[in-house]
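Below is one structure, written out as structure tokens; comments come after it.
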Amino acid sequence: MEKINAVITGVGGYVPEYILNNEELSRMVDTTDEWIMTRIGIKERRILKEEGLGTSYMARKAVKQLLQKTNTDPQEVDCLIVTTSTPDYHFPSTASIVVGRLGMQNAYAFDMQAACCGFLYAMEVASGLIQSGRYKKVVVCGADKMSSMVDYTDRATCPIFGDGAGAVLLEPTTEEYGWMDSHLRTDGHGLPFLHMKAGGSVCPPSHFTVANRMHYVHQEGRTVFKFAVTNMSDSCALIADRNGLNKENIAWVLPHQANLRIIDAVANRLEVPMEKVMLNIQRYGNTSAGTLPLALWDYESQLNKGDNLILTAFGAGFTWGAAYLKWGY
Ligand code: UT7
């Protein structure tokens, strides 16, 4: 039997209209545009402000655009994976809400949670589904409404995050394009450094947890920074070595957009110039599971069939990894 690869055949995206820029943030907490630009590299981020709208709203917009762009009937989709840390509800899944709203009646749908690494993990699972031969059209959507769990009185975290969603369609091909290789890891050591203290089964919501502001992102930035640089760089180097990729034949590096200094360090390790690095951190900040598909969405018009891309991400857990993607259109 011929080998089947899973290739991306389209990209959709959505970011909310409201722009929270550094000037406005500087009026909310003790910070400056200069500090945020030099330490993180973010100028502005999008915020989903409308009451009653959650992650499924952005995921639905991104997936709807994807289906329109690729002329895909919602009923043709076999599976939808939404990867998010900010689901609409604990249950049911955000993916189930999206398939319901978009009329994807023949799809089964589920959420995957791997924090900021969610898109890489979900792509690996989706690629396996396609390679099994049982699924022809699988949609992967990375979506997060980070503003729903950011403490806008904490200057150490509130400049970092934004809201947004991106989605890709994966289909089978027997040609050498698509999701070619990956190196994904989870070590569990990251819990104290990056988590939300309450709201889960260990510490359910109570007056105490609300009064003590325990429903927000807690991050020890410096520790996360160090692990992110080392692990993303190592994973990228491994993927590059294993696939004969180097500064000459890598068309693009697509890193998780958490901190420009982390991105710079990873690109340096690969010896790839910043012109070949996809960047939108300045405009959207860290949209967690949304960063990688949103960057593909932004750069889609600059991509060519056969381009070699290295994707890499790092997130809570810790979760991290890198993947080799050969662009198919
Ligand atoms: O996406 C998931 C993975 N997450 C990441 O990859 C994030 C990784 N970490 C980071 O990106 C960085 O560690 C941060 C952006 C979170 C923080 O940058 P940093 O350079 O590591 O700053 P720091 O936490 O070491 O703080 C340095 C100083 C401190 O002041 P002192 O103690 O030196 O007087 C902070 O209080 O900067 C201060 N500071 C700020 N000053 C102005 C922290 N936040 C701010 C702020 N404005 N917003």
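Structure data summary
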item: All aspartates and glutamates inside 19 Å of Lys247 as judged from Cα atoms, apart from same-chain residues fewer than 8 positions distant; result: Asp181, Asp234, Asp264, Glu271, Glu275, Asp307
item: Rounded, prolate or oblate (a/c below 1.5 giving rounded, otherwise prolate when a/b exceeds b/c) for region 223-314 by Cα gyration tensor; result: oblate
item: Label point distance in nm, Asp187-Lys69, each placed 7 Å from Cα along Cα→Cβ; result: 3.5
item: Under the span-like rule (Cα at least 27 Å along the axis, Kyte-Doolittle mean at least 0.0), DSSP H helices of the chain; result: 221-242
item: Filtered GluC sites (Glu not before Pro), region 25-70: DSSP coil and at most 13 other beta carbons within 10 Å; result: Glu50, Glu51
item: Fraction of accessible area attributable to carbon and sulfur, region 180-326 (%, probe 1.4 Å); result: 54
item: Euclidean distance of C-alpha centroids, region 150-209 and region 265-329, integer Å; result: 16
item: Fraction of antiparallel bridges per DSSP, the chain only, in percent to nearest 5; result: 70
item: Positive-end residue, the chain charge dipole about Cα centroid, Cβ charges, pick of Ser301, Met123, Thr9; result: Met123
item: Simple label model, 7 Å out from Cα along Cβ direction - Met37 to Arg261, nm; result: 1.7
item: Per residue, in Å², the accessible surface of the chain once ligands and nucleic acids are set aside, probe 1.4 Å; result: 43
item: Overall Cα dimensions of region 17-88 - principal axes, largest extent first, Å; result: 50, 26, 21
item: Heavy-atom accessible surface of region 26-178: percent carbon and sulfur, 1.4 Å; result: 48
item: Sparse-neighbour loop sites [trypsin sites (Lys or Arg not before Pro); region 1-83; at most 16 other C-beta within 10 Å; DSSP]; result: Lys3, Lys49
item: Within straight-line cross-link reach of Lys3, lysines at Cα separation under 23 Å, skipping those fewer than 8 residues along the same chain; result: Lys136, Lys137, Lys305, Lys326
item: Length released on extending from Met274 to His195, taking residue separation times 0.36 nm less the Cα-Cα span; result: 25.4 nm
item: Mean projected area (nm²) of the alpha-carbon convex hull when region 141-280 is viewed from all directions; result: 10.8
item: Cα-based shape type of the chain, given that a ≥ b ≥ c are square roots of the gyration tensor eigenvalues and the cut on a/c is 1.5; result: oblate
item: Region 65-152 shape via C-alpha gyration tensor axes, a/c threshold 1.5; result: prolate
item: Dipole magnitude (debye, nearest 20) for the chain, charges at Cβ of Lys, Arg, Asp, Glu; result: 260
item: GluC sites (Glu not before Pro) restricted to region 262-315 and DSSP loop, no more than 15 other C-beta within 10 Å; result: Glu271
item: Rg/Rh (Cα only; Kirkwood hydrodynamic radius) as it applies to region 1-124; result: 1.06
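The values are calculated or read from the model by the stated rules, or taken from the named source; none is laboratory data. Since the model is a prediction, treat every value here as computed from it, not as a measurement. When we count neighbours, we look across all protein chains shown, and the Cβ atoms used for this are built from the backbone with ideal geometry, even at glycine. Side chains included, ligands, DNA and RNA excluded: accessible areas come from the protein's heavy atoms. Shrake-Rupley method; radii C 1.70, N 1.55, O 1.52, S 1.80 Å.
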